[in-house]
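Working notes, beginning with the structure itself.
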Amino acid sequence: DLILQTQSALEGDRGAAVLASIRKDLKLLIVDEFQDTDPIQTELILGIAGEHGEPGPQLFLVGDPKQSIYGFRRADIDVWNEVRTQEIPRRQGRELTLTNNFRSTPSVLRLVNDVGDRIIPHEFHPELKETRNDSQVGQVSYIELLEGLADDRRKEEAQYVTSHIDQLVENAIVRDKD
């Protein structure tokens, strides 16, 4: 596994020299979709960034804790929470929270906020705010997904979602303006 090999290389005899070389070449380390990182990936990221005041790249993390519910590749919401509450302050960083949503309709945002409130403590996921209206949008509903890791449940959830879509299509009413 590439992640484990990287971890091993950075912990090995030449690890400090490799990290120093990486840090020398980078000015900025941007990690997008940080909510999908696992503990080992986070260890690598923080190791490359180095400690506050050490030579190394500035660290810029982008992510949405609500998306951590998918559990991609051993992703863990506790990693997000620990970095947010411990590492960012320790490194004298700052957090910028973006809550205005320009893409989703209010009905979708209400659903996302409702689901988020059920599974993630509010301090880790501020409520998303609407910036558009619901004009000419159909109803929004959600499907309760299965417990467990995403990889283990993916096929069964796909079958469940497909069945739900089939029911929606079968019961749909189509109106032709002409």
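What shape does the range 1-100 have by the C-alpha gyration tensor, where a ≥ b ≥ c are the square roots of the eigenvalues, rounded means a/c under 1.5, and otherwise prolate means a/b greater than b/c and oblate the rest? Verdict is oblate for the range 1-100. Per-residue extension of 0.36 nm, minus the Cα-Cα distance of Glu54 and Leu111, leaves a gain of 16.2 nm for this segment. In this rough spin-label picture, where each label sits 7 Å from Cα along the Cβ direction, the Glu123-Asn171 distance is 4.1 nm. Ordering 24-33, 80-89 by mean Cβ neighbour count within 10 Å, with the highest value first, yields 80-89, 24-33.
Within the accessible surface of the range 1-73, defined with a 1.4 Å probe on protein heavy atoms only, the carbon and sulfur portion equals 56 percent.
Each residue of the range 19-26 was assigned a 3J(HN,Hα) from its phi angle through the Karplus curve 6.51 cos²θ - 1.76 cosθ + 1.60 (θ = phi - 60°); the sequence is 4, 4, 5, 4, 4, 5, 7, 9 Hz, with glycine and proline shown as x.
The values are calculated or read from the model by the stated rules, or taken from the named source; none is laboratory data. Keep in mind that what you see is a predicted model, and the values were worked out from it rather than measured. Here Cβ is always computed from backbone atoms with ideal geometry, including for glycine, and neighbour counts include all displayed protein chains. Accessible surface is based on the protein model in full, side chains and every heavy atom, while ligands, DNA and RNA are left aside. Shrake-Rupley method; radii C 1.70, N 1.55, O 1.52, S 1.80 Å.
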